[in-house]
Amino acid sequence: MKTIQDILTSGTAYLESRGIEGARHSMQSLLVHVLGKNKTWLYLHYDDPLSEEQLVPLRDLLRERGKGVPLQHLLGSTEFYRREFRTDARALIPRPETEELVEMALSKVQRKPGMKVLDMGCGSGIIGITLALELAATQPEVVMADISEAALSLTLENATALGARVKTYRSDLFSAWQPEENNAVVPPDGFDLVLANLPYVPDGEEVSAEVMHDPATALYGGADGLDIVRRFLKEAKPHLAPGCLVLLEVGHDQGEATRACMEELGYTHTGVLTDMSGKARFPMGYATADFMPTGTETKEGSSNA
């Protein structure tokens, strides 16, 4: 009978032969999932034998992982900002860099009671839900929008499971703010903080087998990857309160181009923040009073620094 150590070694070798990055981590995670234990338990029981009954579901998962099916899809969840979020094929798999995006926003935003927050292109809901929970003391109004009905259903499942108060809207960027029907519910605006992780992969660019399991609508953004980002930055302007912080996640080589677009559109104090690998992928800027529609009163207490 094979031991846990035997299975870990052979499974890791199998995944490596299939070109899976982080093969040992994947194998450990699958073992923990199948056995219903944690990694500490695993380390202490390497010499324990595994029964054939235990190996059957593990083999099935290992085979799927070898095909490039994301680990998060096989496990059904992923950790983000110390919380467990459901993940599946309905939305983009959360990336580690997105945690950094949230951390930067929380460190820079001016917190005030009743602040309005927007997560555009929310996907599984990790950004908006995390902000709703981390800013709970301010009783924020958190709006989450996505073009995909399936993604929004996943967002609602995560919000319910984690006890986050959010509002969701199906919207092609800001299309929900211009309803075609008289009885359509228009989302709030005058946002104080806006985060967006929109599609930014250039059309035709090859992606890994794992990324191919993400919805195409969450990946591709035109010839240079920034078509949707540019449209978002332009359409967002009348919906932002003066001093609103706008922070985006883009590709590792798109930060400066996005920042330049923000500056051309009139955003102030623009810049590009780097991730932990030193890649400039988080362009940011602040809204000005000039963005507001004519006749809209300027909110007091806003800041652009």
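The values are calculated or read from the model by the stated rules, or taken from the named source; none is laboratory data. Not measured: the values here are computed from a predicted model. A quick note on method: Cβ atoms are made from the backbone with ideal geometry, for glycine too, and the neighbour counts reach across all protein chains shown.
Some observations on this one:
- Residues being assigned to a loop (DSSP other than H, G, I, E, B) and under 12 Å from Tyr286 (Cα atoms) - total across the range 235-268: 3
- Taken together, Glu64, Glu97, Glu84 contain a single residue that is farther than 30 Å from Leu193 by Cβ and of a type in the set (Asp, Glu), which is Glu64.
- Any chance Thr78 is of a type in the set (S, T, N, Q) and under 21 Å from Leu15 (Cα atoms): yes
- Sole exception among (1) outside the structural domain of Lys279 (by TED's automatic domain parsing); (2) in contact (Cβ under 8 Å) with a residue 40 or more places away in the chain for Met115, by number: (1)
- Candidates are the residues of the range 42-82 that are free of Cβ contacts under 8 Å to residues at least 60 places away in the same chain and among the basic types (Lys, Arg); the one that is surrounded by the most Cβ atoms within 10 Å (Cβ to Cβ) is Arg65.
- All positions within the range 148-164 that are crowded, with 19+ Cβ neighbours inside 10 Å and either among the hydrophobic types (A, V, I, L, M, F, W, C) or out of contact with any strand residue (DSSP E or B) (no Cβ under 9 Å at 6 or more places or on another chain) (or both): Ala151, Leu152, Leu154, Ala159, Ala164
- Candidates are the residues of the range 272-291 that are touching a His at 6+ places or on another chain (Cβ under 9 Å) and part of a strand (DSSP E or B); the one that is surrounded by the fewest Cβ atoms within 10 Å (Cβ to Cβ) is Ala280.
- Flag for Ala105 being closer than 23 Å to Ala161 by Cα and in contact (Cβ under 8 Å) with a residue 24 or more places away in the chain: no
- Residues that are surrounded by fewer than 16 Cβ atoms within 10 Å (Cβ to Cβ), at pLDDT 95 or above and not basic (Lys, Arg) occur at least once in the range 240-260.
- Residue within the range 77-87 that is at pLDDT 95 or above and in a helix (DSSP H, G or I) present: no
- Residue within the range 144-156 that is at pLDDT below 95, at positive phi and within 15 Å of the chain's Cα centre (by Cα) present: no
- So Glu53, is it at pLDDT below 90 and either in a helix (DSSP H, G or I) or aromatic (Phe, Trp, Tyr) (or both): yes
- Across the range 14-41, the qualifying residues are those that are surrounded by 14 or more Cβ atoms within 10 Å (Cβ to Cβ) and among the basic types (Lys, Arg), and the one among them that is nearest to Gln72 (Cα to Cα) is Arg24.
- For the range 102-123, the criterion of being at pLDDT 95 or above, within 22 Å of Val201 (Cα to Cα) and assigned to a strand (DSSP E or B) is met by at least one residue.
Here is a yes/no grid of residues against (1) over 14 Å from Lys116 (Cβ atoms); (2) at pLDDT 95 or above:
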residue	(1), (2)
Leu162	yes, yes
Gln178	yes, no
Asn182	yes, no
Gly190	no, yes
Leu193	no, yes
